[in-house]
């Protein structure tokens, strides 16, 4: 067994991946609580049992946490955009989720759009031969 710090060091995550994973991590908590609100407010159609809200909120929250782990891949960013749309659509059941969708959607857009721009500026400003 090797001591910690020896062997292959972890590859540094990009700023985009760091920002995006933080947004998805915190948003997963809020989405889970939104699922509880759907259950407590009983806003689902009569054809669906109330517990579906908790299960759906939990499932989306888990997918967000999993996606936060692979946002450094192109599919991770695309999955994040899909999750933002799902959260926005949940506003049809609980209108307060629209506020959540706007706040976290804005943070997601900043991470996904501005992150690569900031990284490019940092690379351009770094002295040649030196990693940022």
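The values are calculated or read from the model by the stated rules, or taken from the named source; none is laboratory data. Computed from a prediction, not measured in an experiment: that's the story for all the values here. Cβ coordinates were reconstructed from backbone atoms using ideal geometry, including for glycine residues, and neighbour counts include every protein chain displayed.
Taken over segment 82-97, the criterion of being part of a helix (DSSP H, G or I) and loosely packed, with under 13 Cβ neighbours inside 10 Å is satisfied by 82, 85, 89, 92. Considering (1) over 10 Å from the mean Cα position of the chain (by Cα); (2) at pLDDT below 95, the lone condition that residue 106 does not fulfil carries the number (2). Residue-level analysis places residue 71 among those that are modelled with pLDDT of 90 or more, surrounded by 13 or more Cβ atoms within 10 Å (Cβ to Cβ), in contact with a helix residue (DSSP H, G or I) (Cβ under 6 Å, 6 or more places away or on another chain) and not in a helix (DSSP H, G or I). Here the condition is being in a helix (DSSP H, G or I), under 12 Å from residue 34 (Cβ atoms) and under 14 Å from the mean Cα position of the chain (by Cα); of 100, 65, 77, it holds for 100 alone.
Screening segment 29-52 for residues that are assigned to a loop (DSSP other than H, G, I, E, B) and surrounded by fewer than 16 Cβ atoms within 10 Å (Cβ to Cβ) and picking the one that is modelled with the highest pLDDT gives 49. In the set (1) touching a helix residue (DSSP H, G or I) at 6+ places or on another chain (Cβ under 9 Å); (2) under 25 Å from residue 106 (Cα atoms); (3) part of a helix (DSSP H, G or I), the condition left unmet by residue 55 is number (2). Taking first residues from segment 81-101 that are touching a residue at least 60 places away in the same chain (Cβ under 8 Å) and partners that are assigned to a loop (DSSP other than H, G, I, E, B) and surrounded by fewer than 16 Cβ atoms within 10 Å (Cβ to Cβ), the Cβ contacts under 7 Å between residues at least 6 apart in sequence or on separate chains come to 94/43.
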